[in-house]
Amino acid sequence: MSEPLRDSDVVVVVGAGLAGWRLSEALRRRGFAGPLTVVGAEPDRPYDRPPLTKQVLAGTLEESELSLERGDEASTMTWRLGVAATSLDVAARRVTLADGEVVEGSRIVIATGVRARRLAVSAGKRVHYVRALPDVRRLLADLSRARPGSPVVVIGGGFIGAEVATSLAHRGYPVIVLEALERPLLTVLGPTVSQWLLDLPSRAGIELRTSSAVRDVVSEGDDLVVQLVDGSTLRASAVVAGVGAEPATEWLAGADVTLDNGVVVDDEFAAAPHVAAIGDVARFPWRGPSGVELARIEHWQVANDHAAELARLWTGFAGARPPLIPYFWSDQYGAKVQVLGHPRPTDDVRLVIGEPGDARWLALYSRDDVVSGVVALRSPRALTLSRSLLAAPTALGDARAQAPWAG
Ligand SMILES: Cc1cc2nc3c(=O)[nH]c(=O)nc-3n(C[C@H](O)[C@H](O)[C@H](O)COP(=O)(O)OP(=O)(O)OC[C@H]3O[C@@H](n4cnc5c(N)ncnc54)[C@H](O)[C@@H]3O)c2cc1C
């Protein structure tokens with residue numbers, strides 16, 4: 001059990017995103033009054049990322065509305081923004097920053113999230129990614145100079161690619177989405193559900209080209225030319241890629257923590273004594289339908305819950321821990337797709353509301369006849385009502401008999 005913080009402790013949080021901020025804020029709200037330093041590679045104060053691709057890019061939300069700060073806790077912290085941590089000395093609990101400063105603490109928190117996976121293409125410097133606010137600013141500036149009529153090509157039909165395409169189409173840009181596989185989200189939601197989602201782009205008037213793997217992107221004057229593996233080419237005014245993310249752990253090379261697809265932590269988020277990792281970067285023991293597994297889950301809700309839980313653990317809260325039920329949503333092609341739990345693409349799928357092709361439906365995922373997830377299209381209330389199915393292992397038959405989604 002983690003020892004509760006004393007006010008003589010010094011907390012250093014590396015990563016000023018959702019997890020790092022929510023933890024810092026919660027420690028203050030729970031009474032920790034000692035020194036607390038937040039280190040962030042980005043120049044901006046903590047802000048919310050999901051609206052970047054959904055609203056900011058669409059022009060329906062201002063940057064100023066993204067702040068995660070609600071109270072005045074931030075004024076009680078030391079901020080080191082716009083400077084990345086470059087190394088961690090676990091034994092000395094010392095973090096070195098890119099500008100040479102060394103920040104020492106008695107507790108260190110790793111909350112550096114993930115970074116967008118980059119495409120190795122000739123015109124790599126001109127390909128956009130949307131992970132952070134400066135990325136959105138750069139993309140919009142680039143588009144404002146784009147030749148009218150020439151399409152924006154989005155490489156990758158996953159959640160980020162679909163949201164980028166939707167938002168740019170909303171702004172009036174012609175958009176073409178290239179997906180390497182036969183269907184977007186095939187390796188995330190599996191063959192059945194990815195099939196049901198396949199006609200969303202065309203219904204929204206957005207062109208999706210499947211089985212379209214990109215070989216290279218090259219510059220031709222102001223334009224970019226996307227070369228596909230099948231030999232065809234596409235001229236674009238701009239190219240945006242959403243091809244996955246990787247844990248931001250380079251700065252931890254050589255540190256005495258276990259790196260294996262993220263920072264491996266124990267049940268109390270400890271990566272080493274007095275060093276914790278939370279949020280997208282953390283690979284943590286998660287109790288799923290098949291028992292406890294090490295999982296790294298890139299969801300807003302998970303980062304938020306990690307922060308709340310670590311704050312409770314570090315401030316001596318001894319009550320029962322609530323189950324962590326992963327939740328994810330995406331607004332794409334005019335529809336809300338929501339996922340509860342952590343289903344695998346190989347899980348069995350059964351529709352319990354609607355039919356394939358309907359405007360709204362809800363499906364149960366199961367593994368070995370135990371519910372592993374709930375995926376819904378345009379059915380937020382039914383999805384919320386289904387949460388109880390994932391709070392503890394629930395047999396598929398019991399789930400169908402209870403039918404909480406109908407409540
Ligand atoms: C465009 C977009 C849309 C999304 N939409 C959804 C959605 O609809 N639903 C959903 O559930 N989730 C969504 N997510 C995911 C969600 O935003 C993340 O799960 C959440 O932000 C994770 O919080 P985090 O604090 O772990 O990481 P982040 O929010 O990524 O914060 C990590 C911070 O650490 C900083 N950092 C990295 N390396 C260093 C270093 N060496 N030194 C100092 N600082 C460093 C980074 O710059 C960053 O500011 C979306 C993410 C993006 C990018």
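We did not get these values from a lab; they are worked out from the coordinates using the rules stated. Predicted model, so just to flag it, every value in this text is computed and none were measured. Cβ: placed from backbone, ideal geometry, glycine included. Neighbour counts: every protein chain shown.
Brief remarks follow.
- Residue of 58, 98, 74 that the Gaussian network model of the chain assigns the largest fluctuation, springs spanning Cα pairs under 10 Å: 98
- Taking other C-beta atoms within 10 Å as the exposure proxy, 170, 306 rank 170, 306 from fewest upward.
- Unit charges at the beta carbon, dipole of segment 343-406: most positive-side option, 383, 345, 363: 383
- Using just its DSSP H runs of length 4 or more, each adding -39500 (n - 2.57), the chain gives a mean residue ellipticity at 222 nm of -6000 deg cm²/dmol after division by all residues.
- Computed about its Cα centre, the charge dipole of the chain is approximately 620 debye, with only Lys, Arg, Asp and Glu carrying charge at their Cβ.
- Computed over segment 1-127, the percent of Cα pairs more than 26 Å apart is 31.
- From most to least packed by mean Cβ count within 10 Å, the peptides 186-192, 108-114 give 108-114, 186-192.
- Net charge of the neighbourhood of residue 325, taken over other residues with C-beta under 11 Å away and scored Lys/Arg +1, Asp/Glu -1, is +1.
- Pairwise Cα separations in segment 343-406 fall into 10 Å bins from 0 onward with the following percentages, short to long: 24, 59, 17, 0.
- Sequentially through segment 210-220, phi angles give Karplus couplings (6.51, -1.76, 1.60; θ = phi - 60°) of 8, 6, 10, 7, 8, 8, 7, 10, 10, 7, 9 Hz, Gly and Pro residues having no value and appearing as x.
- The chain - Rg over Rh from alpha carbon coordinates, Kirkwood radius: 0.98
- Top of 391, 307, 19 by mean-square fluctuation, Gaussian network on the chain, Cα under 10 Å: 391
- Residue-wise HN-Hα coupling along segment 351-366, computed from phi with Karplus coefficients 6.51, -1.76, 1.60 (Hz; x: Gly, Pro): 6, 10, 10, x, 10, x, x, 5, 6, 9, 7, 9, 10, 9, 9, 8
- Restricting the GluC sites (Glu not before Pro) of segment 1-71 to loop positions (DSSP other than H, G, I, E, B) with no more than 12 neighbouring Cβ atoms within 10 Å leaves 62.
- Sorted on the mean count of surrounding Cβ atoms within 10 Å across their residues, most packed first, peptides 139-145, 202-208 read 202-208, 139-145.
- The order of the peptides 122-131, 375-384 by mean Cβ neighbours within 10 Å, most packed first, is 375-384, 122-131.
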